[in-house]
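What follows is one structure encoded as structure tokens, with my remarks underneath.
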Amino acid sequence: MLQKVIYLFVLAAVFVSCSGGKTKYRIGVSQCSEDVWRDKQNAELRMGAYFHDNVELKFAAAYDSDERQVQQIDSLVNDGIDLLIVAPNQVSTISPAIDRAYDKGIPVIVFERKTSSQKHTAFISADNYEMGHVMGDYIVSRLHGHGTVLEIRGLEGSSPAIERHNGFTDAIKNAPGIKVVASLQGDWTEPTAYETTKQWLDNNKEVRVDLVFGANDRTAMGARRAVANSSLSTLHSSLFCGIDGLPGENGGIQLVRDSLLDASYIYPTHGDQIIDLAVRILEGKPFDKETLMMSALVTHDNAKVLLMQSEELMKQAERLDLLHDKADKYLHELDTQRVVNWLSVGIIVLLAIVFILFYLYHLRKIAIQRERVVNTLWNLRPEDVPIVQESSETQNTPEVAEETEDNVAEESEPAAVSVFITRFKEVVEARLADSDISVEDLASDMNLSRVQLYRKVKTVTGSSPVELLRTARLNRAYQILLTTDKSVSEVAYAVGFTAPSYFTKCFKEEYGMVPGDVRKN
Ligand code: FRU
């Protein structure tokens, strides 16, 4: 019984604690790389998710490794994500993993870098061909249509590298005075750009370079370091252009403002926009299959203003972040408090149930013991009662009698009960032949008031004094019938009944037979 109650209680608690929760969308984010640009985007993704209280993000960064990214996508899918956001490291290498996710019915958003597979739900990015082209046009005009350019491309198989290169190449086609002295392979990182440029400079000491176009700002800065370190640095009074145009400390915008870069191009991160798209897809709302983000060229003319604006925006974002942290902390405390409250309520209810059950069990045990004692004593003749011998004092003074019987009622100990019952039985037996006997008479024999007697007899035996008197009369009648030849009427009068017919009725109720049947057995 107790086990069942605890089980039900635990079930109820689990049900209550679970039923409050809203279903969460689990979104997996597979980033091909890890760098300042990705950091900014991840922060925006988190911030975007924060505005949808039913979104949970799982991040994985492949650190430019195809193999690692494929594994990470598979494991995100196995973890049971509801949607995949992926920036594939290279066009064709990641496609099989993306296809597997898509074939399992998981919506896929490809962002920023393209895949060779058509199996995706939506694509979102800035236009990389366009930015290569705009940068090409800018370089042509910056060099007044004449000069030499060293190009350092991004990671070979990645779509932005291919598209930026194509855009740039197409733009300078129309400027015959611009000569690309070399187009070197990079991998988006500063150290590789540095090494590649250094090596090229060492092998081409006589070639003058007017401008370096790096596929991103980090690449342009790597090349700049190599040129600066070169023994021929005076020969190359080069300009450096890149792409990314990040705001903030040492971001592309600041580098342009400080003339370390000649130009950059803002490559938007917009993680919040990507999350909004994901949620639209998950909620079955209409969405654009392809989204092109707006972007802009950063030059010395606008860098200062852009930087000021971006700094203001960053401050706002920091404030939002702070607010976010505070809200998170508050929600966390609230959650903890809720759990603690539930636990306390649970423990209290459980203890109360256990206590009540034990109490009921204890009461039942006492009742059974008392019933046994009462039955035994009431059905025995007084001289057969073995249990308790009252001291002479307890029988004589009313106060002591009162005290003893109080104990009977309050302690309900079998021993105390037996004292009381034995004494009450003696009183009843002594008086049962008297048809005029009243409860008051019995009470005064017990040195109690009528009300006291009634209360105590009822508490101890569960029957009233009158009922017990009647039972005693019928028991005595049964004995007389068995042991004498007296008529039924004589027996009735002998045990205090005034009407034999009423005696017969009561006898039948008690023993299930009429008095005359006693002798037939
Ligand atoms: C960041 C990054 C950017 C670059 C882009 C190309 O990981 O390397 O610097 O513009 O990826 O996908």
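For the residue pair Ser259 and Ser449, what label-to-label distance in nm results when each label sits 7 Å from Cα along the Cα-to-beta-carbon direction?
So the two model labels end up 11.3 nm from each other.
Rounded, prolate or oblate: pick one for region 128-265, where a ≥ b ≥ c are the square roots of the eigenvalues of its C-alpha gyration tensor, a/c under 1.5 means rounded, and failing that, prolate if a/b is larger than b/c, else oblate.
Here region 128-265 falls in the rounded category.
Lys289: which aspartates and glutamates have alpha carbons under 19 Å from its alpha carbon, excluding same-chain residues fewer than 8 sequence positions away?
Filter leaves Asp82, Asp99, Asp103, Glu112, Asp127, Asp272, Asp276.
Quick check on packing: order 73-83, 498-508 by the mean number of other C-beta atoms within 10 Å, highest mean leading.
The densest-packed peptide leads the list: 73-83, 498-508.
How big is the antiparallel share of DSSP beta bridges in region 202-358, given as a percent to the nearest 5? Before the final figure, lay out each step's value.
Working: 3 of 8 bridges.
Just about 40 percent of them are antiparallel.
So what is the 222 nm mean residue ellipticity for the chain from helices alone, if each DSSP H run of at least 4 adds -39500 (n - 2.57) and you divide by all residues, rounding to the nearest 500 deg cm²/dmol?
Using -39500 (n - 2.57) per qualifying helix, the result is -19500 deg cm²/dmol.
Quick one: length gained pulling Val340 to Thr498 fully straight, 0.36 nm per residue minus the C-alpha distance?
49.7 nm
Fully extended, how many nm does the chain gain between Ser231 and Glu130 (0.36 nm per residue separation, minus their Cα-Cα distance)?
Between Ser231 and Glu130, full extension yields 32.8 nm more.
Say a paramagnetic label sat at a point 7 Å from the Cα of Glu156, along Cα to Cβ; which residues of region 60-103 have their backbone N under 20 Å from it?
Taking a point 7 Å out along Cα→Cβ of Glu156, the residues of region 60-103 whose backbone N falls under 20 Å are 63-70, 88-96.
When DSSP beta bridges are limited to those with both residues in the chain, what percentage is antiparallel, rounded to the nearest 5?
Around 10 percent of the beta bridges assigned by DSSP in the chain are antiparallel ones.
Tell me, in nm to one decimal, what length is gained between Lys119 and Asp321 on full extension, where the rule is 0.36 nm per residue of separation less the Cα-Cα distance?
Extra length available between Lys119 and Asp321 comes to 69.2 nm.
If you count the DSSP beta bridges with both ends in region 128-265, what percent of them are antiparallel, to the nearest 5?
0 percent
What pairs from Lys40/Lys315; Lys365/Lys456; Lys173/Lys198; Lys486/Lys520; Lys58/Lys329; Lys104/Lys285 go past 23 Å between their alpha carbons?
Lys173/Lys198
How much accessible surface does Leu350 have with a 1.4 Å probe, in Å² rounded to 10?
About 50 Å², ignoring ligands and nucleic acids.
Determine, from the Cβ-Cβ distance of Glu440 and Lys104 and an R0 of 60 Å, the FRET efficiency 1/(1 + (r/R0)^6), rounded to the nearest 0.05. Spell out each step's value before the answer.
Working: r = 91 Å, r/R0 = 1.52.
FRET efficiency, Glu440 to Lys104: 0.10.
Hey, with R₀ at 45 Å, roughly what FRET efficiency would Glu333 and Arg280 work out to, going by the Cβ-Cβ distance, to 0.05?
My answer for the efficiency is 0.90.
Report Tyr361's accessible area, 1.4 Å probe, all protein chains in place, as a number in Å² to the nearest 10.
Number for this one is 140 Å².
If you take the alpha carbon radius of gyration of the chain and divide it by 2.2 N^0.38 Å, what ratio comes out, to two decimals?
2.09
If I model a spin label at Glu509 and Val180 as a point 7 Å from the Cα along the Cα→Cβ vector, what separation in nanometres do I get?
Going by the 7 Å Cα→Cβ label model, 11.7 nm.
Note down the nm distance, to one decimal, between modelled labels 7 Å out along Cα→Cβ at Arg208 and at Thr484.
With each label placed 7 Å out from Cα toward Cβ, I get 15.2 nm.
The values are calculated or read from the model by the stated rules, or taken from the named source; none is laboratory data. These figures come from a predicted structure and were not determined experimentally. Here Cβ is always computed from backbone atoms with ideal geometry, including for glycine, and neighbour counts include all displayed protein chains. Surface accessibility is based on the protein's heavy atoms, side chains included, excluding ligands, DNA and RNA. Shrake-Rupley method; radii C 1.70, N 1.55, O 1.52, S 1.80 Å.
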